[in-house]
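Derivation of every value follows stated rules applied to the coordinates shown; laboratory data play no part. Predicted, not measured: the structure shown is a model, and the values here were computed from it. Positions of Cβ are generated from backbone atoms using ideal geometry, with glycine treated the same way; all protein chains shown enter the neighbour counts.
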Amino acid sequence: MRAAILAGYGEPLQVRDVPRPVAGRGQLLVRLQACGICHSDVHIWKGDVRPPHVPEPFILGHEGVGVVEAIGEDVPDWTIGETVGVPWLHDTCLRCDECTDGYEAFCQHQRAHGLNVPGGFAEYVVADAAFAVRLPSDVDTSMTAPVMCAGVTAYGAVRRAAVIAGERLAVFGCGGLGLYAVQIAARMGVHVLAVDRDPAKLKHARRYGAAEVAIAGEGLVQNLAASPGYHAAINFAPTPATWSAIVASIRPRGRIVAAALVSEPVPLVQEWLTATGVTITGTSVGTRQEMREVVDMHAKQPLLNPIEEVDLSHATDALVALEQGKAGGRFVIRF
């Protein structure tokens, strides 16, 4: 099969022919039709996130959509030809408290496509049948591929923000994840403020349901501090620069959810926590139940995002554009 191989961190991916994988016990072989390119792929490509054991071959990608090509042993509920999604989670331990409590996205022994096992920047990929996502046969594969990670991550973040109809939510960062979160929250009847430094992204946010938009820059913190305050704030921007605006935006007893991979520390005054009762938490992709819910939502009314289809040979160009903040939407490899 044709695949884009990570031969060295930060180096261009090498597109070449490699052996097609085989579905083992409990697994599906998926012939991919599309695979989204996620900012997490950028972190792995650059070497910011490294697996303890490099998969062979090292193929990125965890937003795959395709059809079941072959079925391994002990897989009773899948048939060849079904439409299937290949998400971030390849499998988890299924034994820890997080797994047994239904929060397997926080399993510390999870394995991910494109990090611990070969991923979706290839014509075929192997998925664990218990974690593969059943999809309607008529889905738009390019539009649906980013839902496998960005969509369910946004959905999980909105769920962890615990917002309900009539409440106010501030969404910081209106890339692919932020735009999904705007739509999901708006459909729930939540009043959404979208914040980004790019006016073009804020135009999309308006079109997708944001009640307010604000440019990230000078004066934002002061304006937010003077506002009535938001019940929750979610950060999708991969930078600590949003933190002061997030703190300014949140009302007493509000909820702050970290959804972006930000490795730098941010200032936190514990006295402020005791005075306000603000809750701060994090989110990581989503659970299988949340995946089922967001796929159902997407099937009823597609979650939108600007999509740019690329050939596998241009995967590196897409990673560079994402790294440099020049992506206008979601890149999707089309097979």
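How big is the charge dipole of segment 215-312 about its Cα centre, in debye rounded to the nearest 20, if each Lys and Arg gets +1 on its Cβ and each Asp and Glu gets -1 on its Cβ?
Taking the Cα centre of segment 215-312 as origin, the dipole is about 520 debye.
For helix 150-161, report the angle its Cα long axis makes with the longest principal axis of the Cα atoms of the chain; keep it between 0 and 90° and round to the nearest 10°.
On a 0 to 90 degree scale, this one is about 40.
Counting residues in segment 152-282 as N, plug N into 2.2 N^0.38 Å and put the Cα Rg over that result.
Taking the Cα Rg and dividing by 2.2 N^0.38 Å, one obtains 0.94.
For segment 211-335, what D do you get in µm² per second when you plug the Kirkwood radius from alpha-carbon pairs into Stokes-Einstein at 37 °C and 0.692 mPa s?
188
Taking other Cβ within 10 Å of each residue's Cβ, how do Arg253, Arg292 sort, fewest first?
Ranked by crowding around the Cβ, least crowded first: Arg253, Arg292.
With N denoting the number of residues in segment 215-283, provide Rg(C-alpha) divided by 2.2 N^0.38 Å, to two decimal places.
Dividing the Cα radius of gyration by 2.2 N^0.38 Å gives 1.05.
Nearest 10 degrees, 0 to 90: what angle lies between the long axis of helix 176-187 and the longest principal axis of the chain (Cα atoms)?
In the chain, helix 176-187 runs at an angle near 70 degrees to the longest axis.
Just want to confirm a number: the relative contact order over the chain, from Cα pairs under 8 angstrom separated by 6+ residues, in percent.
Once divided by the residue count of the chain, the mean separation gives 19 percent.
By count of other Cβ within 10 Å, fewest leading, how are Ile5, Ile250, Ile184 ordered?
Least to most surrounded, the residues fall as Ile5, Ile250, Ile184.
Round to the nearest 10 and give me the degree value, 0 to 90, for the angle of helix 288-300's Cα axis relative to the longest principal axis of the chain.
With rounding to tens, the tilt is 80 degrees.
Which shape class, rounded, prolate or oblate, goes with segment 18-123 when its Cα gyration tensor gives a ≥ b ≥ c as root eigenvalues, a/c under 1.5 marks rounded, and past that a/b bigger than b/c marks prolate?
Oblate.
So for segment 152-282, taking the charge dipole from beta-carbon charges (+1 Lys/Arg, -1 Asp/Glu), which of Gly229, Pro267, Ala205 sits furthest toward the positive end?
Result: Ala205, furthest along the dipole toward the positive end.
Could you size up the charge dipole of the chain around its Cα centre, putting +1 on the beta carbon of Lys and Arg and -1 on that of Asp and Glu, and report it in debye to the nearest 20?
800
With the Cα gyration tensor of the chain in hand, convert its eigenvalues to equivalent ellipsoid semi-axes via √(5λ) and list them largest first in whole Å.
In descending order, the three semi-axes are 34, 21, 19 Å.
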